[in-house]
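Right, one structure below, let's go through it.
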Amino acid sequence: MKLPSTLNQVSERAKALIEDNFVADILMPGCPFDGLFKSNGEYLLSVLDGYRANGVDWVSITVGLDHFPSIEKTTQMIASYRNIFNCNINPATAERFALVHSVVEMETAKATGKLAVNFNFQGSMPLLGNLDMVELYYSLGVGQMLLAYNDKNLVGDGCHERTDCGLSKFGLNLVAKMNQVGMIVDLTHTGERTTLEASEASTEPVIYSHSNPLALNEHGRNISDAQIKACAATGGVIGVNGVGAFMSKAGDDVSADIIIKQIDYIAELVGAEHVGFGLDYVDNTDYLNEILAGHSTKFPADQGYLDVKFAGPDAIPHIVEGLLAKNYSDEQVKGILGGNFLRVCRQVWR
């Protein structure tokens with residue numbers, strides 16, 4: 001179902017900041033496509049129309065997961081998504097969406113009224129230990145890849161692993177390969193020591209595509225001050241998410257106000273130039289609950305993962321209004337909306 005636009009519910013100043021500047025949501029779950037979108041391309045496009053309606057200019061869609069460690073399944077997933085957004089195959093999408101591989105292409109998409117789309121991996125297991133796959137996936141539109149999804153993998157520990165080990169030798173080589181190819185190193189879902197060592201090892205900015213501060217809610221998926229500071233020291237950006245379970249113990253608050261609290265905390269700790277959006281919005285929560293129930297080690301029952309609530313892109317106009325009310329400058333808001341992530345992309349992508 002297409003989310004309603006809330007642009008007309010905010011002040012002209014807030015609306016103008018959104019419409020006149022680049023707005024990015026660097027993480028939208030999209031894998032597996034056949035489950036989340038019921039093998040229905042129009043369902044996917046209707047969800048993305050909700051982003052367009054709320055002023056978003058770029059969305060990065062997850063097309064690979066640690067849950068499905070298969071090169072064959074991952075390439076099939078990418079092929080399905082590329083087919084949907086290929087305007088030569090589907091001319092009807094050409095007026096609304098653009099599959100992009102560069103910042104220039106994203107900016108061109110905005111200038112022509114289109115939503116720019118590219119891809120990400122939530123976990124490095126789609127490589128199956130083969131570093132040569134990094135360049136291939138990057139050429140197919142995968143602009144960022146997080147290292148480990150909640151559990152231990154070949155790179156290091158996930159954030160819900162019982163241990164907190166650092167990067168493996170393969171992990172160090174993977175970070176170097178991603179830096180060389182131009183794929184952004186994403187540390188969300190990954191164990192603390194692994195992330196700190198990856199931040200130190202990377203010669204390019206790293207990101208947390210969809211992470212919130214541990215200091216505001218002691219949840220295993222949230223990140224410590226040390227992680228936030230290490231990311232910022234690389235020139236990186238933390239994308240705050242709108243997942244209720246990560247923002248409060250009750251998990252039922254997905255308001256603009258509580259998302260602003262996440263932004264405030266990070267901005268006060270390391271500066272507003274290191275904050276962005278990675279809302280992690282899921283429309284089909286019924287299917288998500290099936291995934292959560294079927295992967296109990298990745299999603300521990302005591303971490304509030306069942307019946308998760310989400311803030312969608314319709315929260316963004318209200319977040320901007322709230323930031324202005326708290327005396328964030330226009331330049332700071334522009335960065336949070338998308339300018340900060342664009343800065344990282346300009347530096348890292350080849």
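Some values worked out for this structure:
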{"item": "Residue tally, condition modelled with pLDDT of 95 or more and not in a helix (DSSP H, G or I), over region 31-61", "result": "8"}
{"item": "Residue within region 235-249 that is of a type in the set (K, R) and over 19 Å from the mean Cα position of the chain (by Cα) present", "result": "yes"}
{"item": "Conditions (1) of a type in the set (F, W, Y); (2) over 21 Å from L17 (Cα atoms); (3) out of contact with any Ser or Thr (no Cβ under 9 Å at 6 or more places or on another chain): number failed by F310", "result": "(3)"}
{"item": "Test: residue in region 74-84 that is out of contact with any helix residue (DSSP H, G or I) (no Cβ under 8 Å at 6 or more places or on another chain), at pLDDT 95 or above, under 18 Å from I316 (Cα atoms) and not charged (D, E, K, R)", "result": "no"}
{"item": "Test result for D57, within 30 Å of C159 (Cα to Cα), buried (at least 19 other Cβ atoms within 10 Å of the Cβ) and among the acidic types (D, E)", "result": "no"}
{"item": "Failed condition for A79, given (1) touching a residue at least 24 places away in the same chain (Cβ under 8 Å); (2) over 18 Å from the mean Cα position of the chain (by Cα)", "result": "(1)"}
{"item": "Answer residue from region 87-100, given it is under 27 Å from G182 (Cβ atoms) and either of a type in the set (D, E) or touching a helix residue (DSSP H, G or I) at 6+ places or on another chain (Cβ under 8 Å) (or both) and is surrounded by the fewest Cβ atoms within 10 Å (Cβ to Cβ) among those", "result": "I89"}
{"item": "Residue check, N222 crowded, with 16+ Cβ neighbours inside 10 Å, modelled with pLDDT of 95 or more and within 17 Å of the chain's Cα centre (by Cα)", "result": "yes"}
{"item": "One residue from A226, A267, A250, A232 being closer than 23 Å to N150 by Cβ and assigned to a helix (DSSP H, G or I)", "result": "A226"}
{"item": "F299 more than 20 Å from L17 (Cβ to Cβ), in contact (Cβ under 8 Å) with a residue 12 or more places away in the chain and hydrophobic (A, V, I, L, M, F, W, C)", "result": "yes"}
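The values are calculated or read from the model by the stated rules, or taken from the named source; none is laboratory data. Just so it is clear, the structure is predicted and the values come from calculations on it, not from any experiment. Methodologically, a virtual Cβ is constructed for each residue, glycine included, from the backbone with ideal geometry; neighbour enumeration extends over all protein chains shown.
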